[in-house]
Amino acid sequence: MTRTALVTGASRGIGLEIARRLADDGWNLTISARTESTLTEAATTLRERSQGEVCAVVADMASEGDVLALAAAHRERFGRLDALVLNAGMGSIGPIAEFPIRRFDKLIAVNVRSAYLLIQQLLPTLRETAGTTGSSRVIAISSLTGTASEPLNSAYGASKAALTSLCETVNTEESLGGVSATALCPGYVATDMTAPLTGDVPADTMIDPVEIAELAVGLTRLGRSAVIPAIPISRPGPLVWRV
Ligand SMILES: NC(=O)c1ccc[n+]([C@@H]2O[C@H](COP(=O)([O-])OP(=O)(O)OC[C@H]3O[C@@H](n4cnc5c(N)ncnc54)[C@H](OP(=O)(O)O)[C@@H]3O)[C@@H](O)[C@H]2O)c1
């Protein structure tokens, strides 16, 4: 049977790299993002390089209805889930003293609530797949800021700390049944999200998204006996826990 993944935020950046790598390995994919044109373009590119099927679903992770519809679309199309890649996310910086609470709510909705809902909705499918193959995985793209906090990143860091914690709890509840979760926690990755920073932080000093995809694909090759709650990924140099 063909292995199957759902990748959110797969129209560009880290999500597209992960989808590309899985497509190269012949996986069936459900991909999602908000912007139909770039998502359709990504789906076309993925179909050109894969034997697997690619199902593209426009969905805003801030919308509960869209998240539920995305989970249902994947279940109905494939009925199996080897890897749930929780990648869609947004960033926003500002001092706590002035950070607009509505932006905080949006960050939590997109970066954590959607992930929680997708796990909840798709856990029966993940369990069923693990029951047949031995294992299935949740892979969440978290951040080093969720592990070690930094000024101006209070809301984003809190959302990513929650996402990392969510992965740990999935492991405590589900890993004996073969469903495990890993939070990938990188520093700056060279994508559209960090493009505004390149004046201060050159893109060639950032992590290449291809490396994050490599780690994600590596996780899908592991069996059920290795439960890996989180992987911190630093940029080269003395920064270690700083993004
Ligand atoms: N880049 C970094 O330095 C870095 C470091 C650590 C962690 N991360 C995390 O890695 C993940 C991917 O980041 P990236 O750098 O690859 O970002 P990116 O290049 O900006 O790509 C973001 C992807 O997510 C989609 N997306 C954004 N908001 C969405 C929403 N509300 N609903 C559904 N889809 C949405 C985007 O498509 P649409 O805009 O069309 O929706 C796009 O496909 C994020 O969770 C981010 O927090 C990034």
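The values are calculated or read from the model by the stated rules, or taken from the named source; none is laboratory data. Computed from a predicted structure; not experimentally measured. Counting neighbours? That spans all protein chains shown, and the Cβs are built from the backbone with ideal geometry, glycine included.
Laid out as a table, the results:
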| item | result |
| --- | --- |
| The listed residue being in contact with a Cys (Cβ under 7 Å, 6 or more places away or on another chain) and crowded, with 16+ Cβ neighbours inside 10 Å, out of 4, 30 | 30 |
| Whichever residue in segment 180-191 is assigned to a loop (DSSP other than H, G, I, E, B) and under 18 Å from residue 19 (Cα atoms) and, among such residues, is nearest to the ligand (Cβ to nearest atom) | 191 |
| Residue within segment 90-103 that is assigned to a loop (DSSP other than H, G, I, E, B) and either within 13 Å of the chain's Cα centre (by Cα) or under 20 Å from residue 65 (Cα atoms) (or both) present | yes |
| Residue count, segment 148-159 (criterion: out of contact with any Ser or Thr (no Cβ under 7 Å at 6 or more places or on another chain) and surrounded by fewer than 24 Cβ atoms within 10 Å (Cβ to Cβ)) | 7 |
| Per-region count, segment 197-235, residues surrounded by 16 or more Cβ atoms within 10 Å (Cβ to Cβ), within 16 Å of the chain's Cα centre (by Cα) and away from the ligand (no atom under 13 Å from the Cβ) | 5 |
| Close pairs from segment 45-70: first part of a helix (DSSP H, G or I), partner modelled with pLDDT of 95 or more and hydroxyl-bearing (Ser, Thr, Tyr), Cβ under 6 Å, at least 6 apart | 67/114; 70/32 |
| Members of segment 6-32 found to be out of contact with any Ser or Thr (no Cβ under 7 Å at 6 or more places or on another chain), of a type in the set (Val, Ile, Thr) and within 15 Å of residue 191 (Cβ to Cβ), listed by number | 7, 18 |
| Flag for residue 194 being part of a helix (DSSP H, G or I), within 12 Å of the ligand (Cβ to nearest atom), surrounded by 14 or more Cβ atoms within 10 Å (Cβ to Cβ) and free of Cβ contacts under 8 Å to residues at least 60 places away in the same chain | yes |
| Residue in segment 81-103 that is within 27 Å of residue 3 (Cβ to Cβ), among the basic types (Lys, Arg) and out of contact with any helix residue (DSSP H, G or I) (no Cβ under 7 Å at 6 or more places or on another chain) present | no |
| Complete set of residues in segment 53-84 that are more than 10 Å from the ligand (Cβ to nearest atom) and either within 15 Å of the chain's Cα centre (by Cα) or modelled with pLDDT under 95 (or both) | 71, 81, 82, 83, 84 |
| Matching residues in segment 5-22 - criterion: being basic (Lys, Arg), more than 7 Å from the ligand (Cβ to nearest atom) and either out of contact with any helix residue (DSSP H, G or I) (no Cβ under 8 Å at 6 or more places or on another chain) or over 13 Å from residue 220 (Cβ atoms) (or both) | 20 |
| Residue 26 being within 18 Å of residue 122 (Cβ to Cβ) and either at pLDDT 95 or above or near the ligand (Cβ under 9 Å from one of its atoms) (or both) | no |
| Sole exception among (1) closer than 30 Å to residue 197 by Cα; (2) assigned to a helix (DSSP H, G or I); (3) touching a residue at least 60 places away in the same chain (Cβ under 8 Å) for residue 74, by number | (1) |
| Test set (1) surrounded by 18 or more Cβ atoms within 10 Å (Cβ to Cβ); (2) at pLDDT 95 or above; (3) outside any strand (DSSP E or B) - residue 40 fails condition number | (1) |
| Near pairs, Cβ below 8 angstrom, 6+ apart or cross-chain, from segment 206-223 (modelled with pLDDT of 95 or more) to any residue that is aromatic (Phe, Trp, Tyr) and assigned to a loop (DSSP other than H, G, I, E, B) | 206/188; 207/188 |
